[in-house]
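The values are calculated or read from the model by the stated rules, or taken from the named source; none is laboratory data. Computed from a predicted model, the values in this text were never measured in an experiment. Methodologically, a virtual Cβ is constructed for each residue, glycine included, from the backbone with ideal geometry; neighbour enumeration extends over all protein chains shown. Just the protein is used for accessible areas: all its heavy atoms, side chains included, with ligands, DNA and RNA removed. Shrake-Rupley method; radii C 1.70, N 1.55, O 1.52, S 1.80 Å.
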Amino acid sequence: MFRTTMNNPCFRTKDFISDLPKNVIESILERIPLRDAARTSILSSKWRYIWTTVSQLVLDEKFFADTLRTKARVRQEFTNAVEKILLLHSGPIRKFDLRLPEIIVVNFCSDIDRWILFLSRNGIKDLTLCSTINMPYEMHSCIYSCRELTRLKLVNCILKPPSEFSGFQYVIKLHFQRTTFGDNTLGPLLSRSGLLERLTIKYCSGIGHLNINAPNLNSLFLIDNNGLESLSFVDTPNLRYFFGSLCDKMGKTPTLMEFLVALPRVSKLNLDGLFLELLAAGGSPHNLPATFTRMNSLSLAGVEFGDFNVFSCTLCLIQSCPNLMKLTFWFSINESTYEEQVVNYLEAPGCMDQTLTKLLCVTMHDLVGLKPQLLLIKLLLACSPMLETMFVGLSEQLDINKRFEISKELSQFPRLSPKAAVIY
């Protein structure tokens, strides 16, 4: 009786996964590591080649670690692992993510050239290539024929587009990190990528004069790049988030007013101390002739009190954003001196003549208790009627007695907002 029941087809377990539509199965396989997707080939004859049709291939550090677990980490083993997958693959490759482990010290340039050429003929739309720090990869010219690219991320690469290159017409996201550019080639590349929405340029070199002409650009990150000689916003009417951090001075920079006028829709702004210093180079007025009503989040890093122009520029910027809701300061932990002019400015009755009616949250990082730091907190508490929270992050260098002394002094400051709470 038992055997009869087990052999009855009505009691057999139905294979629901295998009966799913092919596109659903491929979508599932794209969400698991590539090595695990390849293992499904042993399930049945129906599954043998399904993994070879997935359109998204991610070959990251985990992939190489798992694939070469028991093999020698030599060039041939790495190239065999990649080329076996590409040779077995059937159909278009929409996404290709290659991240070479930093332990590799051999030159893979000729191998990557072959892989990029293969991808350029297979409809690549989303390409990530992370070369090793000690072996930067110069992009093969065939990358400029990938007309369907919508996303491109390059790390530790060299990019020298030819002068006749017409741009990536469909790209919406570009990310360059530790990438070296040919002389003044980045600006023209951006101006010819009309659909670009998000741009990150981080730790790069060879940029030269950067004129940003990107009407659809929404987010821009410029972080500690070498060789940035000048910066101008030619056409960025839709830019809403800008993160600017510099590692050296530029030869030509816009004034504070020119900078803000070029970014009429920015709602979130992050600047470091050097960027502020350059904006304040031409002096800073007490008030700007225009207000920036869309700005609701402002973060300023490396704020110092040793330069009056820079500090007055900082206050001028804050006062010009009447709808500011979130304000963050990162102080310089090595600063121990300040200009007396800054203290006099903060103590003057008309220092802040603009009430910050929308400000809800202020955060201070690495506070060491300098007099102008405390006066700044006092000023913000006195002109923010809706303030809910003032987060004060004290520097780890301070001993318990100094921390108590600072907290005691801050507790005595008057607060315009009845809800304002100071949290350490």
Among residues of the range 334-364, those that are open to solvent by 70 Å² or more (accessible area, probe 1.4 Å) and of a type outside the set (S, T, N, Q), counted | 6
Top-ranked residue of the range 308-318 - restricted to ones that are open to solvent by less than 10 Å² (accessible area, probe 1.4 Å) and not aliphatic (A, V, I, L, M), ranked as nearest to the chain's Cα centre (by Cα) | T314
If you check C383 against the conditions, is it of a type outside the set (D, E, K, R), out of contact with any helix residue (DSSP H, G or I) (no Cβ under 7 Å at 6 or more places or on another chain) and farther than 21 Å from F311 by Cβ?
-> no
Among the strands (runs of 3 or more DSSP E) confined wholly to the range 104-189, which include 1 or more residues that are among the acidic types (D, E)?
-> 126-130
Pick from L117, L152: which is at pLDDT 90 or above and either aromatic (F, W, Y) or open to solvent by 40 Å² or more (accessible area, probe 1.4 Å) (or both)?
-> L117
Within the range 253-281, how many residues turn out to be more than 20 Å from I223 (Cβ to Cβ) and among the basic types (K, R)?
-> 1
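Given the residues P92, P101, which is the only one that is closer than 18 Å to F63 by Cα and part of a loop (DSSP other than H, G, I, E, B)?
Of the residues listed, the single one that is closer than 18 Å to F63 by Cα and part of a loop (DSSP other than H, G, I, E, B) is P101.
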Those residues of the range 385-424 which are of a type in the set (D, E, K, R), within 21 Å of L327 (Cα to Cα) and either in contact with a strand residue (DSSP E or B) (Cβ under 8 Å, 6 or more places away or on another chain) or not in a loop (DSSP other than H, G, I, E, B) (or both) amount to E388
Any idea which residue in the range 343-376 is nearest to Q319 (Cα to Cα), counting only those that are hydrophobic (A, V, I, L, M, F, W, C) and in contact with a Gly (Cβ under 8 Å, 6 or more places away or on another chain)?
-> M364
Residue within the range 273-282 that is charged (D, E, K, R) and assigned to a loop (DSSP other than H, G, I, E, B) present = no
Return yes when L186 is open to solvent by less than 10 Å² (accessible area, probe 1.4 Å) and either among the hydrophobic types (A, V, I, L, M, F, W, C) or in contact (Cβ under 8 Å) with a residue 60 or more places away in the chain (or both) and no when it is not.
-> yes
Cβ pairs under 6 Å, 6+ apart, first in the range 240-260 and without any contact (Cβ under 8 Å) to a residue 40 or more places away in the chain and β-branched (V, I, T), second assigned to a loop (DSSP other than H, G, I, E, B) and open to solvent by 50 Å² or more (accessible area, probe 1.4 Å) | T255/G282
May I ask you to say which residue of M325, M386 is under 27 Å from P254 (Cβ atoms), open to solvent by 70 Å² or more (accessible area, probe 1.4 Å) and hydrophobic (A, V, I, L, M, F, W, C)?
-> M325
Going through the range 389-408 one residue at a time, which ones are open to solvent by 30 Å² or more (accessible area, probe 1.4 Å) and touching a residue at least 40 places away in the same chain (Cβ under 8 Å)?
-> Q397
For the range 160-171, name all the residues that are closer than 19 Å to K125 by Cβ and surrounded by fewer than 17 Cβ atoms within 10 Å (Cβ to Cβ).
-> F165, S166, Q169, Y170
Considering only the range 196-229, state which residues are of a type in the set (S, T, N, Q) and either open to solvent by 30 Å² or more (accessible area, probe 1.4 Å) or in a strand (DSSP E or B) (or both).
-> T200, S205, N211, N213, N216, N218, S219, N226
Given the conditions (1) part of a strand (DSSP E or B); (2) crowded, with 17+ Cβ neighbours inside 10 Å, which single one is not true for F305?
-> (1)
For M139, all conditions in the list (1) under 30 Å from L117 (Cβ atoms); (2) touching a residue at least 24 places away in the same chain (Cβ under 8 Å); (3) open to solvent by less than 50 Å² (accessible area, probe 1.4 Å) hold save one; what is the number of the exception?
-> (2)
